[in-house]
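Here the structure is laid out as structure tokens; the discussion comes afterwards.
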Amino acid sequence: MSHTQSPKSIHSLDVLLNSRKIGTILRSPAHALKFEQDYRASGGSPFLSLSFRSETGELRKDPKPLAGILPAFFANLLPEGELREAMERHHQDSVRRRNDFDLLAALGADMSGAVQLLPSDRASLNEKPKARFSLAGVQMKLSVLKNAEAGGGLRLPMDGEVGQYIAKFPPMAFPGLSENEFANLALAAAIGMDVPERELVESSDFAGIPEEFVTRAAGKVLLIKRFDRDANSRRIHIEDFAQVFGVHPSRKYEAACHPIAATLNETVGSAAALEFVRRLTLAALTGNGDMHLKNWSLIYKGDGNMPALAPIYDALSTLPYVPTDSMALSLAGERSFRAMAASRWKAFARRARLPEQAVMNAVVETVSLVNERWWHLPERKVVPAEILDRIDAQIKVMTPVLSTCADRGGHC
């Protein structure tokens with residue numbers, strides 16, 4: 001971006017999906033989103049978000065603008081919390097604090113999925129390539145590339161490049177977080193779930209990254225292959241369920257599990273809905289209290305019109321750090337892990353309009369597989385003992401609770 005086009009001075013952003021312009025977001029009036037006529041004529045193909053689809057499958061009217069508030073789909077592309085603060089410091093000369101449009105303009109070239117937000121007036125964008133980083137979420141993380149040059153290592157992508165990995169830097173307040181997630185993802189893979197490639201690396205392996213990512217990190221960094229980029233660095237579109245439901249990030253915990261399952265059943269198929277049940281069961285077994293709306297996603301491959309359940313991500317045990325934690329989303333009105341017995345799953349199945357027995361079987365099979373694989377999993381050895389003990393204890397507590405689903409007359 002040229003110095004004459006600071007994010008502060010940009011008044012209009014083109015919305016690109018797989019490099020095709022499909023709409024425009026205006027700073028004024030009120031962050032209005034307008035879809036292109038040819039995109040509307042195509043029926044909104046390929047999909048940007050299910051939230052823009054009517055019940056009949058047509059593209060909805062342009063959303064009504066709200067003063068100072070981005071449409072929820074775009075608000076969910078922005079970082080939150082400590083990560084947002086780091087982004088704002090990195091762009092402090094061109095981005096005003098708490099200004100969503102400024103930040104969207106600064107980060108829009110490399111967002112999650114296949115969407116890009118670029119200045120509508122791009123004629124003067126001729127500055128030399130520079131390193132950049134942009135990811136949604138709260139944890140300190142970067143989109144990076146493996147350096148193909150001599151010496152290897154990891155670096156930020158330059159303008160025109162696409163990051164292939166997500167590097168997650170563990171905060172000092174949560175020791176062993178990288179190892180915790182690494183082992184949980186290994187467990188998910190061991191029981192047959194779709195899991196991205198991952199490895200543990202050292203912060204010293206990175207070159208040219210903002211210093212605070214290193215100074216604030218405690219221990220190893222978790223490196224995960226991006227599933228929204230293919231082997232040729234082409235973008236693959238994704239959207240999280242806050243985007244699917246048109247919910248702003250601040251409300252990502254204000255939801256229940258069954259609408260996700262119902263949406264998966266209707267738009268992807270019953271196998272995806274039951275895979276969601278399996279992942280919920282895994283979260284309960286390991287004590288993952290952070291599977292909120294933004295930690296479940298759809299992925300759009302091929303022509304971009306057929307959603308599938310994206311690979312599992314952000315799978316870790318939160319209980320070692322928050323001993324009183326509970327489920328991020330309610331299961332038939334309950335969030336307590338220990339309340340997830342058969343009666344809750346039966347009520348969930350009814351609300352999600354899923355076959356009760358299929359749901360119960362998915363729960364029981366997952367419990368069995370976790371107990372079969374976890375205790376001998378090689379990746380256990382990298383997890384600090386106090387963290388591992390807490391995960392082990394949660395699995396032992398939750399196994400009989402969830403196993404009530406094997407009882408035909410199962411109850412709380």
Can you tell me which residue within the stretch 275-321, out of those that are over 17 Å from the mean Cα position of the chain (by Cα) and among the hydroxyl-bearing types (Ser, Thr, Tyr), is farthest from Ala114 (Cα to Cα)? Tyr321
Search result, residues across the stretch 64-94 that are assigned to a loop (DSSP other than H, G, I, E, B) and under 24 Å from the mean Cα position of the chain (by Cα): Leu70, Pro71, Asn76, Leu77, Leu78, Glu80, His91
Can you name every residue in the stretch 170-200 that is farther than 25 Å from Trp374 by Cα and in contact with a Leu (Cβ under 8 Å, 6 or more places away or on another chain)? Pro171
Over 20 Å from the mean Cα position of the chain (by Cα) and charged (D, E, K, R): is that true of Asp159 in this structure? yes
Looking at the stretch 264-274 only, could you name the residues that are touching a residue at least 40 places away in the same chain (Cβ under 8 Å), over 17 Å from the mean Cα position of the chain (by Cα) and under 14 Å from Leu298 (Cα atoms)? Asn265, Thr267, Val268, Ala273
When you look at Ala341, is it surrounded by fewer than 23 Cβ atoms within 10 Å (Cβ to Cβ), touching a Cys at 6+ places or on another chain (Cβ under 7 Å) and either touching a residue at least 60 places away in the same chain (Cβ under 8 Å) or assigned by the TED database to the domain that holds Leu48 (or both), yes or no? yes
Using the structure shown, decide if Asp38 is farther than 22 Å from Glu266 by Cα, assigned to a loop (DSSP other than H, G, I, E, B) and not aromatic (Phe, Trp, Tyr). no
Go through Ser297, Ser317 for me and flag whichever is touching a strand residue (DSSP E or B) at 6+ places or on another chain (Cβ under 7 Å) and buried (at least 20 other Cβ atoms within 10 Å of the Cβ). Ser297
Within the stretch 140-156, of all residues that are part of a loop (DSSP other than H, G, I, E, B) and touching a residue at least 60 places away in the same chain (Cβ under 8 Å), the one farthest from the chain's Cα centre (by Cα) is Asn147
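The values are calculated or read from the model by the stated rules, or taken from the named source; none is laboratory data. In this text the structure is predicted, and so the values were computed from the model without any measurement. Please note: Cβ atoms are built from the backbone with ideal geometry, for glycine as well, and neighbour counts cover all protein chains shown.
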